[in-house]
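Trainee: Here you go, one structure.
Nothing in this text is a laboratory measurement; each read-out follows from the coordinates by a stated rule. Please read all numbers here as calculations on a predicted model, not as lab measurements. A quick note on method: Cβ atoms are made from the backbone with ideal geometry, for glycine too, and the neighbour counts reach across all protein chains shown.
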């Protein structure tokens with residue numbers, strides 16, 4: 001008798017990948033995807049229910065299908081995806097509350113996995129180089145997605161206290177990147193001109209979309225409880241990342257980054273909220289040794305490799321820059337060696 | 001990832017690359033920078049940038065201007081972690097950069113010094129950015145331990161702003177040594193503590209006054225007045241050409257002291273012992289130094 005898994009946020013890219021990965025898993029009998037919008041791509045081998053997790057129908061689904069595992073991926077990152085900040089907070093925080101309330105009432109549920117974000121650690125000058133799961137943030141997030149993630153984790157902890165028989169895993173993912181996923185960060189790096197913060201160079205960490213799914217899948221099949229940081233090995237400097245895209249960057253004072261960014265891309269889902277500007281100023285790193293040790297998960301792609309695969313998927317490369325440089329450097333080299341031999 | 005010791009530190013290696021032709025390596029450097037083809041470690045340290053762009057312009061300052069004499073460099077191990085604890089002075093923290101230069105240029109293994117700095121550094125535009133790339137990170141227990149357990153040489157100036165910002169009249173008098181955090185970090189990582197004395201940095205910008213209302217207004221620890229600053233404007237930023245000695249002292253081995261980690265008294269006593277050794281070395285070196293300039 002295989003497991004019955006319910007996945008929230010199934011219509012978005014990562015949720016869809018997760019549903020498809022679970023549908024291929026021989027240990028899983030049924031996969032039920034839930035979202036408010038229809039899936040972008042078909043979900044072979046899975047069922048789909050179009051419902052809002054704030055709706056009591058979720059409780060009925062949990063009971064009637066005898067769901068034993070709930071994977072909550074329904075927290076959304078940018079207001080534009082939700083149609084405004086108020087709606088976004090409603091979906092993220094109230095949605096999680098309702099979902100967990102339904103789980104609490106469903107005796108069949110034995111395992112809950114929550115996709116959270118490393119943004120719960122905030123970002124600032126007093127941060128250690130890498131956060132471990134036990135460290136408290138030095139600059140707690142005060143707004144946006146990061147604040148939502150903190151609140152979501154709070155509700156999940158409350159649920160874990162009230163249902164000690166359920167194993168609960170929270171995965172704090174670094175920024176997810178890859179050839180297909182669309183996030184505020186992929187939008188940022190595909191801007192025609194990338195605005196950066198003058199006088200600062202953030203340390204960035206990415207996790208490849210496929211590695212993110214492997215981590216969630218791993219957490220779903222193991223019964224381990226706890227909080228786990230998930231990221232690709234190593235970091236990449238923001239300036240370095242922009243150079244790899246081959247796009248020009250324009251450093252602007254942090255206070256003006258939002259205005260400039262929205263001027264460059266008024267319609268994109270790129271995020272220049274206060275919290276995101278802090279992140280683009282100071283950056284952040286997370287220590288993934290607990291996931292390696294306890295969850296048995298290590299990302300296959302490093303931060304730099306994940307970023308390069310993102311560039312490949314979006315057809316970005318410093319090709320133009322490279323040809324210009326090779327021209328200039330070989331000419332310069334010829335001149336200097338000739339000058340050297342003459343002297 | 002403290003237990004995963006196989007972290008590739010950087011593919012360039014800690015050895016400076018053999019230089020067949022300085023020009024070709026320069027163009028290779030330019031190419032790497034424009035393409036973003038270099039490695040920045042977890043702390044934001046950019047070895048490529050440090051070796052090829054940040055240190056070279058400071059080398060004449062080290063060799064010709066301050067004529068730094070390096071002593072006891074062989075007391076720094078060629079591999080594995082070590083904690084260099086030194087006195088801090090000079091109004092601007094030139095002493096840390098010169099210690100970094102001493103270790104990179106004069107140590108047979110050309111080691112990079114990883115320095116611990118105050119949070120103010122990382123909150124200051126440009127300064128924080130360059131400091132991180134040059135190998136500084138925040139002076140906090142997690143970072144110190146992580147660096148030491150990865151086998152890095154870590155430099156710490158426990159006097160902090162009290163040290164660099166003290167008036168010229170108090171030169172070579174060690175200030176309070178923080179809370180002994182550096183000793184705990186070394187004990188936990190079981191690495192030697194190398195008490196290091198720096199002579200000469202006190203005289204580069206002799207601080208004869210402090211415009212403290214302005215400092216409060218700007219949120220700075222102090223706004224210095226020296227014989228040349230602010231009177232000569234930007235020219236006042238030229239350091240006086242004092243003669244320097246950097247002496248790496250006899251290491252304090254910590255392998256047998258691991259039991260003392262949870263004993264605050266033992267930690268404070270060791271902190272005092274290290275401080276006292278640096279103070280004694282300073283007095284001895286001052287006598288030996290023939291002239292200030």
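Trainee: Rounded, prolate or oblate, given the Cα gyration tensor of chain B, with a/c below 1.5 counting as rounded? If you can, show how the numbers build up before the last one.
Mentor: Working: a/c = 1.45, a/b = 1.07, b/c = 1.36.
The shape class here is rounded.
Trainee: Next question, about the same structure. Between residue B:263 and residue A:182, with labels modelled 7 Å along Cα→Cβ, what's the label distance in nm to one decimal, could you check?
Mentor: Using points 7 Å along Cα→Cβ, the separation is 6.4 nm.
Trainee: Provide the gained length on full extension for the span residue B:63 to residue B:272, in nm with one decimal, where the gain is 0.36 nm per separating residue minus the Cα-Cα distance. Don't skip to the end; give the middle numbers.
Mentor: Working: separation 209, 0.36 × 209 = 75.24 nm, distance 3.27 nm.
Taking residue B:63 through residue B:272 to full extension adds about 72.0 nm, to one decimal.
Trainee: Sorted by average packing, counted as other Cβ atoms within 10 angstrom per residue and highest first, what order do B:238-250, B:132-144 take?
Mentor: Descending mean neighbour count gives B:132-144, B:238-250.
Trainee: Using 1/(1 + (r/R0)^6) with R0 = 22 angstrom and r between the beta carbons of residue B:291 and residue B:171, what's the FRET efficiency to the nearest 0.05?
Mentor: So the FRET efficiency works out to roughly 0.90.
Trainee: Taking R0 as 41 Å, what's the FRET efficiency between residue A:162 and residue A:24 from their Cβ-Cβ distance, rounded to 0.05?
Mentor: The computed FRET efficiency comes out at 0.80.
Trainee: Per-residue mean of other chain beta-carbon atoms within 10 angstrom of the beta-carbon, peptide B:39-49? Before the final figure, lay out each step's value.
Mentor: Working: counts 5, 11, 5, 11, 6, 8, 1, 4, 0, 0, 1.
Whole-number average of other-chain Cβ neighbours for B:39-49 is 5.
Trainee: Gaussian network model of chain B, Cα springs within a sub-10 Å range: biggest mean-square fluctuation belongs to which of B:257, B:103, B:55?
Mentor: Greatest mean-square fluctuation among the candidates belongs to B:257.
Trainee: Please identify, among A:328, A:227, A:194, the residue showing maximal mean-square fluctuation in a Gaussian network model of chain A using a 10 angstrom Cα cutoff.
Mentor: A:328
Trainee: Over chain A, what is the mean sequence separation of C-alpha contacts under 8 Å (at least six apart), divided by residue count, expressed as relative contact order in percent?
Mentor: Values: 682 pairs, mean separation 58.1, N = 343.
RCO, chain A: 17 percent.
Trainee: What's log10 of I(q)/I(0) for the protein assembly as shown at q = 0.07, 0.08 Å⁻¹, Debye sum over Cα points only, no solvent?
Mentor: Ignoring solvent entirely, the Cα scatterers give -0.52, -0.67.
Trainee: Calculated from DSSP H runs of 4 or more alone, at -39500 (n - 2.57) each and per residue, what is the 222 nm mean residue ellipticity of chain A, nearest 500?
Mentor: Roughly -12000 deg cm²/dmol at 222 nm, from the helical runs in chain A.
Trainee: Still on this structure, please answer the following. To the nearest 0.05, how large is the calculated FRET efficiency for residue B:73 and residue A:63 if R₀ is 60 Å and r is the Cβ-Cβ distance?
Mentor: With R0 = 60 Å, the Cβ-Cβ based efficiency is 0.25.
Trainee: Taking the mean number of other Cβ atoms within 10 Å as a proxy for protection, how do you rank A:201-207, B:160-166 from highest to lowest?
Mentor: Packing order, densest peptide first, comes out as A:201-207, B:160-166.
Trainee: Quick one: compute the contact order of segment B:138-200, relative version, from alpha carbon pairs under 8 angstrom and 6+ residues apart, as a percent.
Mentor: Value for segment B:138-200: 39 percent.
Trainee: For peptide B:126-133, what's the mean number of Cβ atoms from other chains within 10 Å of each residue's Cβ? Could the numbers behind the result be given before it?
Mentor: Numbers: counts 4, 1, 6, 8, 2, 0, 6, 3.
Mean shielding by partner chains, rounded to a whole number: 4.
Trainee: Another one. Quick one: if you stick a label point 7 Å off each Cα along the C-beta vector at residue A:330 and residue B:30, how many nm between them?
Mentor: In this crude spin-label approximation the distance works out to 1.5 nm.
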